[in-house]
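The values are calculated or read from the model by the stated rules, or taken from the named source; none is laboratory data. Source: prediction; values computed, not measured. Positions of Cβ are backbone-derived with ideal geometry, glycine not excepted, and every protein chain shown enters the neighbour counts.
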Amino acid sequence: MLLSPMLLFIDIDGTLIPFGSERPYPVHEPRFPLPQSAADQPLLTRADPALGVRLARLAAIGCELVWATTWMDDANDVVAPWLGLPPLPVVDWPDEGVEPPLGPRGLTWKTRTIVAWAAGRPFVWVDDEVTDTDRAWVAAHHPAPALLHRVDHRYGLTARDFDVMEEWITAGSGRRGSGPAVR
């Protein structure tokens, strides 16, 4: 199997499903047949199914989409059908109760696992918890370019977020082997 040169790690809560805003959220209708398990996720209707089209476009220009979320396999059972996406690989987080090695203060709990999962490949990571500490840690510990893009949890992924990702991907940022280009 030929691997895509770049990975796109996708969080769900706060990234695809917005939360925490004072304004009411739109309620989206499903565009595709959904499994019964989707009915158990009342916040799923906040996720715009059109996001799936935008993510598929990024995949088409050279990214392998990967779930990087605590939803684990439920991301493929519930969220992928909602967005019209095929099943995606899922980052397997360390078991609960297993403490990762201590890192710098402010390092997001997902960072080390995502870098290990990327295994030296360029990547984009979209999440509402990304910090400058994560960016610095990735720049120091990951040999390939990486874009760690923080999403405002109140709005989830917006057209501007997609523009930033697409610009970075198409500019070749993820294809150069010249070392870290963490932004």
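Overview of values
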item: Count - residues of segment 147-163 that are within 14 Å of the chain's Cα centre (by Cα) and assigned to a helix (DSSP H, G or I); result: 2
item: Matching residues, segment 49-99, being in contact (Cβ under 8 Å) with a residue 60 or more places away in the chain and either farther than 16 Å from residue 114 by Cα or not aliphatic (A, V, I, L, M) (or both); result: 51, 54, 57, 58, 61, 62, 63, 64, 75, 79, 83
item: Subset of segment 8-23 [part of a strand (DSSP E or B) and over 17 Å from residue 161 (Cα atoms)]; result: none
item: Residue check for residue 30: at pLDDT below 95 and either basic (Lys, Arg) or in a helix (DSSP H, G or I) (or both); result: no
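Residue-wise test of (1) within 13 Å of the chain's Cα centre (by Cα); (2) modelled with pLDDT under 95; (3) within 14 Å of residue 8 (Cα to Cα).
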{"site": "91", "(1), (2), (3)": "yes, no, yes"}
{"site": "95", "(1), (2), (3)": "no, yes, no"}
{"site": "104", "(1), (2), (3)": "no, yes, no"}
{"site": "169", "(1), (2), (3)": "no, yes, yes"}
